[in-house]
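What follows is a set of notes on a single structure, which appears directly below.
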Amino acid sequence: MIRDQPNDPTQPTSFFFLSSSKTPPTLSPKRNYRFIVFKIDEKAQQVMIDMVGDPDKTYDDFTNCMPENECRYAVYDFDFTTPENCQKSKIFFIAWSPDTSRVRSKMLYASSKDRFKRELDGIQVELQATDPSEMSIDIIKGRVNL
């Protein structure tokens, strides 16, 4: 079960820019957060917000909050400038499943990923990472052709 409660980031939610639980999730042009990290509460069987990053946070801030031994889903709003000097942004969905996490956790996150991702509108790039090198800034830049 995924619930929508955007006013309180400590409560379960399906995304951070939702307008109401009766409508499909959509990104807001307000850009309230740079990133949001989600975790699955295995006992409650729901996806919950683990951490949010304000718009001034960097990619390093984001990667530093990913747990070393636990799986997570994350959404990251990556701003960049094209070689033609155009300002652009891409929304990344990152499935973080470190090799050192529990097998049961990896299976739960893998089996829930597609359903959870369908709840999120606006995802433009998907990335699966099992160690920090697989989600380095160079990988991110490569996915947007920089």
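Does D138 satisfy the condition of being within 15 Å of R34 (Cβ to Cβ), in a helix (DSSP H, G or I) and open to solvent by 60 Å² or more (accessible area, probe 1.4 Å)?
So D138 fails the test.
I'm checking my understanding of the structure. Among residues of segment 75-91 that are out of contact with any helix residue (DSSP H, G or I) (no Cβ under 7 Å at 6 or more places or on another chain) and surrounded by 15 or more Cβ atoms within 10 Å (Cβ to Cβ), which one is nearest to G122 (Cα to Cα)?
Ranking the candidates gives I91 first.
Pairs please, first residue from segment 76-103 and free of Cβ contacts under 8 Å to residues at least 12 places away in the same chain, second anywhere and among the small types (G, A, S) and open to solvent by 20 Å² or more (accessible area, probe 1.4 Å), Cβ atoms under 7 Å, 6+ apart in sequence or on different chains.
D79/S89
For S112, work out the one condition from (1) out of contact with any helix residue (DSSP H, G or I) (no Cβ under 7 Å at 6 or more places or on another chain); (2) in contact (Cβ under 8 Å) with a residue 12 or more places away in the chain; (3) open to solvent by 50 Å² or more (accessible area, probe 1.4 Å) it doesn't fulfil.
The single condition S112 does not satisfy is (3).
Counting just the residues of segment 118-135 that are in contact (Cβ under 8 Å) with a residue 24 or more places away in the chain and open to solvent by 70 Å² or more (accessible area, probe 1.4 Å), which one comes out farthest from K106 (Cα to Cα)?
Ranking the candidates gives Q124 first.
If you go through segment 79-111 one residue at a time, how many are within 14 Å of the chain's Cα centre (by Cα) and not in a strand (DSSP E or B)?
Adding up the residues that qualify gives 2.
The values are calculated or read from the model by the stated rules, or taken from the named source; none is laboratory data. Since we're looking at a predicted model, the values are computed, not measured. Cβ sites come from the backbone with ideal geometry, for glycine too, and all protein chains shown count toward neighbours. Note: areas computed on protein heavy atoms with side chains; ligands, DNA, RNA excluded. Shrake-Rupley method; radii C 1.70, N 1.55, O 1.52, S 1.80 Å.
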